[in-house]
1. Subtracting the Cα-Cα distance from 0.36 nm times the residue separation, let me have the gained length for A296 to R182 in nm, one decimal.
2. Under the Kirkwood approximation for Rh and a Cα-based Rg, what ratio Rg/Rh is obtained for the stretch 66-212?
3. Between D189 and E235, what is the spin-label point distance in nm, taking each point 7 Å from the Cα along the Cα→C-beta axis?
4. Roughly what percent of Cα-Cα pairs across the chain reach past 30 Å?
5. Among DSSP beta bridges whose residues both lie in the stretch 157-315, state the antiparallel percentage, nearest 5.
6. Which trypsin sites (Lys or Arg not before Pro) in the stretch 216-294 sit in a loop by DSSP (not H, G, I, E or B) and have at most 12 other Cβ atoms within 10 Å of their own Cβ?
7. Using only helices, what value at 222 nm comes out for the chain when you add -39,500 (n - 2.57) per DSSP H run of length 4 or more and divide by the total residues, to the nearest 500 deg cm²/dmol?
8. Tell me, in nm to one decimal, what length is gained between F128 and A251 on full extension, where the rule is 0.36 nm per residue of separation less the Cα-Cα distance?
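Computed from the coordinates by the stated procedures, all read-outs in this text should not be read as laboratory data. Because the structure is a prediction, the values reported are computed rather than measured. Here the Cβ positions follow ideal geometry from the backbone for every residue, glycine too, while neighbour counts run over all protein chains shown.
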Amino acid sequence: MQPWQFVCVADIQPGSPKSFRYNPSWIKNWQQAKEQILGISPELLLVCGDLTRDGSIHRYELEEMHAELSSLPFPVHLVPGNMDTGNKHTDRPGLHRGPDQCTDLELNVTSEQLQQFASVFGPLWWSFDYKGVRFSGFADVVVNSGLPEEAEFWRWAEEQAKRSKDVLYHVWIMHYPLFLDRPDEPSWDIERHYYEWYFSIDQPGRARLLDLFKATGADLVLSGHVHCHRVRYAEGIRFEIVPATSFAQWADRWPDGDPTLGFMLYTVSERGLEGSLIPLARTYDLPGYGPGGHPAPHARDYSLAWEKGGDPNEV
Ligand SMILES: [Fe+2]
């Protein structure tokens with residue numbers, strides 16, 4: 001086998017100056033990542049979700065990123081993140097952030113949000129073979145949601161488990177890490193361990209996904225969402241959280257977590273899938289505007305926008 005390379009990025013979320021909030025650093029950081037990726041010239045690019053800052057609210061953010069990624073000179077295969085659709089489901093309000101922020105219940109992903117993403121980027125789950133590697137990806141936010149899309153996903157997943165692995169390696173991509181430390185850790189309690197809950201997948205979907213990865217001969221499962229690079233192994237599978245290009249989070253959660261901004265470069269050969277973190281050669285810290293978190297609709301002030309025409313409720 002002739003060695004070849006692919007790149008995986010996550011959490012680009014550049015935002016838009018038409019939005020109620022915008023940080024120009026994040027688009028500059030993406031442009032820096034893009035320049036470095038173009039210099040490497042990989043055969044394909046994977047994106048582990050959060051392509052947008054508020055694509056769940058603004059279709060134009062999805063469309064702008066679709067145009068951006070379509071302009072690259074190699075194929076791009078991606079899955080949505082929670083900022084592109086909506087969050088994983090909870091049946092409890094979650095964090096009490098105050099009157100200007102959504103509750104977690106209000107952030108539960110909907111069919112409309114999933115279909116909006118699919119109408120711009122295509123199928124919510126996919127699988128293809130390329131030069132000895134099977135690549136599969138899926139909108140993991142449907143897991144444990146009970147939405148009609150979840151039933152469709154599990155039907156597709158069963159078909160994948162029946163396929164023979166007539167390739168050397170199988171790489172899966174998703175947005176949420178399947179687990180934080182061990183697959184048998186508890187489903188985290190949204191009220192007592194909010195960030196653990198926010199950054200992982202609950203049971204029973206977690207165990208079912210692990211069975212899927214085992215049944216399909218997964219070698220590498222890539223996710224994003226945390227904005228901190230980390231590798232864990234379970235059942236002989238490498239689970240890797242890909243670094244963000246936009247901004248770092250949770251740097252103090254693990255002694256072996258790496259909050260460096262950058263992306264992963266993988267070299268495929270008969271010796272294996274060798275990965276290395278490529279740091280951004282330059283990062284930006286520029287002033288922006290607007291609130292963080294998940295602002296409630298009444299707290300989205302589009303009069304702050306540097307460019308007008310971004311309020312989806314404007315007539
Ligand atoms: Fe995310």
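1. Full extension of this stretch gives 37.6 nm more.
2. Using Cα coordinates only, the ratio equals 0.99.
3. A separation of 2.8 nm, rounded to one decimal place.
4. Percentage above 30 Å: 29.
5. Beta bridges within the stretch 157-315, antiparallel portion: roughly 65 percent.
6. R271, R282
7. -7000 deg cm²/dmol
8. In short, 40.9 nm is gained.
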